[in-house]
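The values are calculated or read from the model by the stated rules, or taken from the named source; none is laboratory data. Since the structure is predicted, the reported quantities are computational estimates derived from the model, not experimental observations. Cβ atoms come from the backbone with ideal geometry, glycine included; neighbour counts cover every protein chain shown. Just the protein is used for accessible areas: all its heavy atoms, side chains included, with ligands, DNA and RNA removed. Shrake-Rupley method; radii C 1.70, N 1.55, O 1.52, S 1.80 Å.
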Amino acid sequence: MLMEKYIEMSRLNAVWNHPLYQKYYRENEKIEHDREFCCHQITHLLDVARIAYIKNLEAGLGIDKELIYTAAILHDIGKALQYTDKIPHEIAGEKIAGEILDTLSENDAFSETERAWILEAVRGHRRKCNGMSEVARLFYECDKRSRNCFACPVKEQCNWSEEEKNMEIKI
């Protein structure tokens, strides 16, 4: 019989339930309501988290599960501001994530090192570049691998380059 071990992630849930997080998450949801292409709601966020956690385990990186999941749910939180104010979502997201992390209760607070790691994941997930940090590379790759372009009914209309599209199942 398989014994399941559930890890309580109170800090992750504090971020999810934070009023500022919910405000921007709901704005993203509303803006993308009729979007044909990839959306940035919980399914995508948890896909990124799960892929990142698998990569973490496979590579023996030793990154805390709650840290990965928290960074994953925050990585696209700036999307609404990209749509409305033309601010790149990794820049807007880093600012919003910082405000959320700075206002968590003492019991739910992340250490300065953890906070910096989360913000690096948010800021660095969007573009591949030379000299990327380990966390930026992890979230860049997992964000792209979470996209099921190979099965997307509107992939021909997508403005992503063929190189960016995830055209096969891979973890």
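Solvent-accessible surface (1.4 Å probe) assigned to residue 113 amounts to roughly 110 Å².
Taking each residue as 0.36 nm, the span from residue 57 to residue 7 lengthens on full extension beyond its C-alpha to C-alpha distance by 16.4 nm. Counting 0.36 nm for each residue step from residue 161 to residue 46 and taking away their Cα separation leaves a gain of 39.0 nm. Computed about its Cα centre, the charge dipole of the chain is approximately 320 debye, with only Lys, Arg, Asp and Glu carrying charge at their Cβ.
Compute the distance from the alpha-carbon center of the stretch 93-171 to that of the stretch 15-90, in whole Å. Centre-to-centre distance over Cα atoms comes out at 7 Å.
Using the Stokes-Einstein relation with a Kirkwood hydrodynamic radius computed over Cα pairs, the translational diffusion coefficient of the stretch 92-138 at 4 °C and a viscosity of 1.567 mPa s comes to 115 µm²/s.
Decide, for the stretch 43-140, between rounded, prolate and oblate: order the square roots of the alpha carbon gyration tensor eigenvalues as a ≥ b ≥ c, take rounded if a/c falls under 1.5, and otherwise choose prolate if a/b is larger than b/c, else oblate. Don't skip to the answer; put the middle values down first.
Values: a/c = 1.65, a/b = 1.15, b/c = 1.43.
It comes out oblate by the Cα gyration axes.
Between residue 91 and residue 150, what is the FRET efficiency for a Förster distance of 30 Å, r being their Cβ-Cβ separation, to the nearest 0.05? Let's see the in-between values first.
Working: r = 30 Å, r/R0 = 1.00.
It comes to 0.50.
In what order, largest first, do 129, 38 sit by accessible area if the probe radius is 1.4 Å?
Numbers: 129 80, 38 45 Å².
Largest accessible area first, the list is 129, 38.
Only protein heavy atoms count here; on that basis, with a 1.4 Å probe, residue 9 has an accessible area of about 30 Å². Residue order by solvent-accessible surface for 108, 76, 64 is 64, 108, 76, largest first, with ligands and nucleic acids left out and a 1.4 Å probe.
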